[in-house]
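One structure is given below, encoded as structure tokens.
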Number of protein chains: 2
Amino acid sequence: MAAKRIVILGGGFGGVYAARALARRLGDDPAVEVALVSKDNYLVFQPMLPEVISGSIGIVDTISPLRRLCPRATLYTRVVERIDLERKRVLLAAGFAGPSLELGYDHLVVALGSVTTFAGSPGLPEHALPFKYLGDALVIRNHVIQGLEEAAVERDPGRRRALLTFVVAGGGFSGVEAVAELNDFVRRAAPSFRTIRPEEIRVVLLHAGPVILPELPESLARFAQRLLRRRGVELRLQTRLHGATAEAALLDDGERIPTRTLVSTVPASPNPLVAALPCRKERGRIVVSPHLELPEFPGVWAVGDCAWIVDARTGQPCPPTAQHAIREARCAADNIVAALRGGPMRAFSFRALGKMGSLGHRSAVAEVLGVRLSGFLAWWAWRTIYLMKLPGLDRKLRVAVDWTLDLLLPPDLVQLRVDRGVGFRREHYEPGEVIFREGDHGDWLYVVTEGEIEIVQEAGRAEERALRRLRPGDCFGEIAVVRHGPRTATARARTAANLVAVDRDAFHALFATLPPLRGFIEDLIARRLGPPAPVPAGAAGAGPGATAPAIPVEVPSA
Amino acid sequence: MAAKRIVILGGGFGGVYAARALARRLGDDPAVEVALVSKDNYLVFQPMLPEVISGSIGIVDTISPLRRLCPRATLYTRVVERIDLERKRVLLAAGFAGPSLELGYDHLVVALGSVTTFAGSPGLPEHALPFKYLGDALVIRNHVIQGLEEAAVERDPGRRRALLTFVVAGGGFSGVEAVAELNDFVRRAAPSFRTIRPEEIRVVLLHAGPVILPELPESLARFAQRLLRRRGVELRLQTRLHGATAEAALLDDGERIPTRTLVSTVPASPNPLVAALPCRKERGRIVVSPHLELPEFPGVWAVGDCAWIVDARTGQPCPPTAQHAIREARCAADNIVAALRGGPMRAFSFRALGKMGSLGHRSAVAEVLGVRLSGFLAWWAWRTIYLMKLPGLDRKLRVAVDWTLDLLLPPDLVQLRVDRGVGFRREHYEPGEVIFREGDHGDWLYVVTEGEIEIVQEAGRAEERALRRLRPGDCFGEIAVVRHGPRTATARARTAANLVAVDRDAFHALFATLPPLRGFIEDLIARRLGPPAPVPAGAAGAGPGATAPAIPVEVPSA
């Protein structure tokens, strides 16, 4: 049908504004098809994400449907599997109906942004909460609420302290905005929990440099520091996060902050699809010409965080911000139309309008067109400017209503858990940490992937008895999972250790139906329980269901 | 501290209103502790759930935080593991910090409701979407949006037809309200999808009886039928759902409706915790005295859907509705206070005030205090009454705002996907259905749990070549998962078959780290590819990554 196809990869600011600019420049021309590929069907308005943590903006009000933003484009809500620059095709993963899809292109706009990764830091992939996407903000919110819920009924002082300690790592814009909203939220919500006293709450911001918000002039950054401190945030400057376990944040200097909530705004890493492209890159970003085209692949363009763009006027590389991505997208769109229809191309240049950071509760810092603002005025500017920039009239209205209601109503406490089929998860432990304790109720089976675990029994003994040591490839915890009863021993990390944990449902689905695995588990249980299959020690509360295996794995009666 | 403890199990209408009534009657009395145990920290206002499907009410606005509703109670946001009536204790599952928790009680109120289960219907547990909880409404909404997104870019007419067919099974209140909202939503949303024509959309309601809404007088039910038909809903009366696959709803008479969206409002089943109680039951519900106490266990009370309550005046069993649960809860609270402080108990009796069913888009049917209403007036009554009944002033305000904005703004299209760690899922296939096709991109490994699968190759052949047959315990699909490449053959069900599917990430976590499983997969691949390890046939699009295994399972080179 269409003579030419332009494919845009990525549903962030770069991709969406490229599609919008192309629509304006191409009009109704049926000879050119514009296809936009995005894994989500909405654009996230990043500046408002921190307010999702505190609940002052409704979850879906920070996002706009791509179909409304880009009505001219054909929208593919799919994951990109592969980009083939030689054959000029992209492969899209299967949706829920049918096979994967190949799309050929005449022009390709790569706007795939960056991804977050915790790789290389022990325990962070397993236990730190990233903060970049909409889903992350929701997860953090739910996690914080669960922390408060648990603390309200926790009797152990150490565990209670960890539950009421909230740590955010990274003092850039997103870390500061996140810690400000998180602090506001827990302190406003706490009075609803009768047993929690305000002074028990600890909110900590870790920052590697000497002053937070290095992107801003120091006077504004110091204003922000004073304000956060006054509101009860503990600033730990020149402090780096080294790693994490389920129970603590581990600092570079060896200090251990017991916490159940660790948020980390990690530096971005290249999207694996971009990393796989056979073109020149600088710090993982695609090097483009001043026209934003790949020198080696004419017809392929890159914009936004995944592109290494040198400003034509200043000669400086462009920072990865939304304001830049939007202007880059428009420039690329102009140049694509020039390439299709003939005409001169233009080189990219843009001077940022300003920088703003919200500090929660009617305060902010901002530098707009060279003017420095702080406090209420900056907050008012922040809200006004971002509300204007939020795409779509309906979203503007919804956010304005949200903000109004938030002034009137108490903070919302519901913990919206969409039932997840968890199945399995990864965990990290530092030496001496306990994985589970004798007598606990057991729902997870563990496989050691790295490090060493020891199994000990203490019930009714003056000294604990070492039962066995486990190494990578060994599994443990199967007895309680199969019997649906309490743990018969305690498991503890001897060294730093990584585990894969499998829940009862996944166990049921896999271990019980795959014969080699079933045989393996049966042998293991027989060996560990030994003839004549004793009743688990310390089986407090072993009701009628506790000895009959709850899954169809037959424990040999020996 | 407190001399007596009353434990309430369940955060639905029964549990919450019991806690509220106890708070009112007990006042500040420090001698009595009220503990409320609920797996979620909110109460769902069920009547408004269908509007979450269409998005006319915000997701969290239909739910109210328990902590605000029941400020006097100690709230345990935990799953109940076990109820021990003999020892008067309940065991609560571990939260994210620490061990499970035992709570002793003097009085116990069981208000655990019912659960949905599709057990016994082939394919329904795997492929039908239940509609009972808040999470269900969200899942349905996202699924419907994804169906529209997929259809908009689908080229195959059969798959397109299935994507645009939406089937709801069950013509009671919840099925009718769900189909009405779903129909409104897809028809209002469709114009945003340029390639979807309104006449392509098919919305079907299956109902076993001769007339829908059997709870209402026939004249109102017939009004509802006419209205739904006029709005484009296809009513299939005296039709039962027999089963489902990923691609079709299977009817009792052997008909097959190709669809990708099947919603089923199944009859409720007893909560397993209730089923395990050693007390007398009637149709799975706990039999109680006229005072709502268990005759065999004084001090234990049951209210709501899990209780079999005979009305003291009429002698009829009470229906499982919210209005009844609320009155039962108050009666039980009165009687518990009478038991604690002395005084007469009262027997339970209540005459329902009325019944209402929303039909979407400003229409409803209602019978209130004997008066029958239909159309706009009923809709207005519906909204007014439920807004009044919605607990909490803040929720009332939020829902009123939602309804106002919904009149002004176009329907929302964002598909809010909270990243789930899927890991594995179960699937059901009918004879002849294809699991995957040669050349598809492969992300899942399958284990047969029931039935027979055949693997065939057709690439470049006039006739397909049968490769092998698989039976329970066999697995297939591992080659494409390990190589991250296209499927080398087609898999098809020979008989009705049940499978467990494992995604690449779960495969990575489990199969690659557990030695016995790793050995098993390595052997399997070596055997199936055979020496000298041929390159997969028909490997269209086999890029550079296709032959190098993407996971650390070493494929033997022999």
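Quick look at the numbers
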{"read-out": "Criterion: basic (Lys, Arg), touching a Gly at 6+ places or on another chain (Cβ under 9 Å), open to solvent by less than 60 Å² (accessible area, probe 1.4 Å) and in a helix (DSSP H, G or I) - qualifying residue of B:Arg383, B:Arg398", "value": "B:Arg398"}
{"read-out": "Selection from the stretch A:493-530 of residues that are away from chain B (no Cβ under 14 Å) and assigned to a loop (DSSP other than H, G, I, E, B)", "value": "A:Arg494, A:Thr495, A:Ala496, A:Gly530"}
{"read-out": "Filter result for A:Leu75 (more than 8 Å from chain B (Cβ to nearest Cβ) and closer than 27 Å to B:Ala151 by Cα)", "value": "no"}
{"read-out": "B:Gly113 vs. criteria closer than 28 Å to A:His143 by Cβ and open to solvent by less than 30 Å² (accessible area, probe 1.4 Å)", "value": "yes"}
{"read-out": "Checking A:Ser174 against (1) crowded, with 18+ Cβ neighbours inside 10 Å; (2) among the polar types (S, T, N, Q); (3) within 14 Å of another protein chain (Cβ to nearest Cβ), the condition it does not meet", "value": "(3)"}
{"read-out": "Pick from the stretch A:438-469, criterion within 14 Å of chain B (Cβ to nearest Cβ), charged (D, E, K, R) and in contact with a helix residue (DSSP H, G or I) (Cβ under 9 Å, 6 or more places away or on another chain), ranking: most open to solvent (accessible area, probe 1.4 Å)", "value": "A:Asp443"}
{"read-out": "Contacts under 8 angstrom Cβ, first residue in the stretch B:124-153 being more than 18 Å from B:Pro191 (Cα to Cα), partner among the polar types (S, T, N, Q) and in a helix (DSSP H, G or I), 6 or more apart", "value": "B:Phe131/B:Ser174; B:Lys132/B:Ser174; B:Leu134/B:Thr62"}
{"read-out": "Matching option when the condition is of a type in the set (Val, Ile, Thr), farther than 22 Å from A:Arg159 by Cβ, touching a helix residue (DSSP H, G or I) at 6+ places or on another chain (Cβ under 7 Å) and buried (at least 18 other Cβ atoms within 10 Å of the Cβ), among A:Thr265, A:Thr261", "value": "A:Thr265"}
{"read-out": "Test for B:Val204: is it open to solvent by less than 30 Å² (accessible area, probe 1.4 Å) and in contact with an Asp or Glu (Cβ under 8 Å, 6 or more places away or on another chain)", "value": "yes"}
{"read-out": "Meets criteria (more than 11 Å from chain B (Cβ to nearest Cβ), at pLDDT 85 or above and either touching an Asp or Glu at 6+ places or on another chain (Cβ under 8 Å) or more than 29 Å from A:Ala338 (Cβ to Cβ) (or both)) for A:Gly14", "value": "yes"}
{"read-out": "Single residue of B:Leu112, B:Leu69, B:Leu108, B:Leu49 found to be more than 30 Å from A:Ala151 (Cβ to Cβ) and more than 9 Å from chain A (Cβ to nearest Cβ)", "value": "B:Leu49"}
{"read-out": "Number of positions in the stretch A:440-465 that are more than 18 Å from A:Ile525 (Cβ to Cβ), of a type in the set (A, V, I, L, M, F, W, C) and under 39 Å from the mean Cα position of the chain (by Cα)", "value": "1"}
{"read-out": "Residue satisfying condition, being among the aliphatic types (A, V, I, L, M), buried (at least 20 other Cβ atoms within 10 Å of the Cβ) and at the interface with another protein chain (Cβ under 10 Å from one of its Cβ atoms), within set A:Ala169, A:Ala162", "value": "A:Ala162"}
{"read-out": "Selected residue (only one of A:Leu213, A:Leu182 is among the aliphatic types (A, V, I, L, M), surrounded by 18 or more Cβ atoms within 10 Å (Cβ to Cβ) and over 29 Å from A:Leu369 (Cα atoms))", "value": "A:Leu182"}
{"read-out": "Close pairs (8 angstrom Cβ cut-off, 6 or more residues apart or separate chains): within 24 Å of B:Arg82 (Cα to Cα) in the stretch A:438-463, of a type in the set (S, T, N, Q) and in a strand (DSSP E or B) anywhere", "value": "A:Glu438/A:Gln457; A:Glu438/A:Thr490"}
{"read-out": "Meets criteria (more than 12 Å from every other protein chain (Cβ to nearest Cβ) and farther than 18 Å from B:Glu247 by Cα) for B:Val179", "value": "yes"}
{"read-out": "Residue in the stretch A:441-468 that is modelled with the lowest pLDDT, counting only those that are part of a loop (DSSP other than H, G, I, E, B) and touching a Ser or Thr at 6+ places or on another chain (Cβ under 6 Å)", "value": "A:Gly451"}
{"read-out": "Some residue of the stretch A:476-492 being more than 14 Å from every other protein chain (Cβ to nearest Cβ), under 30 Å from B:Tyr446 (Cβ atoms) and either at pLDDT 75 or above or part of a loop (DSSP other than H, G, I, E, B) (or both)", "value": "yes"}
{"read-out": "Where a residue in the stretch B:242-253 is part of a strand (DSSP E or B) and its partner, wherever it lies, is of a type in the set (S, T, N, Q), with Cβ under 8 Å and at least six apart", "value": "B:His242/B:Ser121; B:Gly243/B:Ser121; B:Ala244/B:Ser121; B:Ala248/B:Thr259; B:Ala249/B:Thr259; B:Leu251/B:Thr239"}
{"read-out": "Selection status of A:Gly27, farther than 17 Å from A:Lys396 by Cα and under 18 Å from the mean Cα position of the chain (by Cα)", "value": "no"}
{"read-out": "Boolean, A:Asn41 is touching a residue at least 40 places away in the same chain (Cβ under 8 Å) and polar (S, T, N, Q)", "value": "no"}
{"read-out": "Neighbours by Cβ (under 8 Å, 6+ apart or cross-chain): first from the stretch A:1-27, aromatic (Phe, Trp, Tyr); second part of a strand (DSSP E or B) and open to solvent by less than 10 Å² (accessible area, probe 1.4 Å)", "value": "A:Phe13/A:Leu43"}
{"read-out": "Within the stretch A:411-437, considering residues that are surrounded by 22 or more Cβ atoms within 10 Å (Cβ to Cβ) and β-branched (Val, Ile, Thr), the one modelled with the lowest pLDDT", "value": "A:Val414"}
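Every residue, every condition in (1) within 14 Å of chain B (Cβ to nearest Cβ); (2) at pLDDT 95 or above; (3) in contact with a Pro (Cβ under 8 Å, 6 or more places away or on another chain); (4) surrounded by fewer than 18 Cβ atoms within 10 Å (Cβ to Cβ), yes or no:
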{"residue": "A:Gly147", "(1), (2), (3), (4)": "yes, no, no, no"}
{"residue": "A:Glu154", "(1), (2), (3), (4)": "yes, no, no, no"}
{"residue": "A:Ser192", "(1), (2), (3), (4)": "yes, no, yes, yes"}
{"residue": "A:Ala208", "(1), (2), (3), (4)": "no, no, no, yes"}
{"residue": "A:Glu218", "(1), (2), (3), (4)": "no, no, no, yes"}
{"residue": "A:Arg222", "(1), (2), (3), (4)": "no, yes, no, yes"}
{"residue": "A:Gln225", "(1), (2), (3), (4)": "no, yes, no, no"}
{"residue": "A:Arg230", "(1), (2), (3), (4)": "no, yes, no, yes"}
{"residue": "A:Asp252", "(1), (2), (3), (4)": "no, no, no, yes"}
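So that you can scan it fast, the table gives a plain yes or no per residue for (1) in contact (Cβ under 8 Å) with a residue 60 or more places away in the chain; (2) part of a strand (DSSP E or B); (3) of a type in the set (Val, Ile, Thr); (4) under 30 Å from A:Arg188 (Cβ atoms):
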residue: A:Ser374; (1), (2), (3), (4): yes, yes, no, yes
residue: A:Trp379; (1), (2), (3), (4): no, no, no, yes
residue: A:Leu387; (1), (2), (3), (4): no, no, no, yes
residue: A:Pro391; (1), (2), (3), (4): yes, no, no, yes
residue: A:Asp402; (1), (2), (3), (4): yes, no, no, yes
residue: A:Leu407; (1), (2), (3), (4): no, no, no, yes
residue: A:Leu413; (1), (2), (3), (4): yes, no, no, yes
residue: A:Gly473; (1), (2), (3), (4): no, no, no, no
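The values are calculated or read from the model by the stated rules, or taken from the named source; none is laboratory data. Quantities reported herein were computed from a predicted structural model and do not represent experimental measurements. Cβ sites come from the backbone with ideal geometry, for glycine too, and all protein chains shown count toward neighbours. Each accessible area value is taken on the protein alone, full model and side chains, heavy atoms only, with ligands, DNA and RNA left out. Shrake-Rupley method; radii C 1.70, N 1.55, O 1.52, S 1.80 Å.
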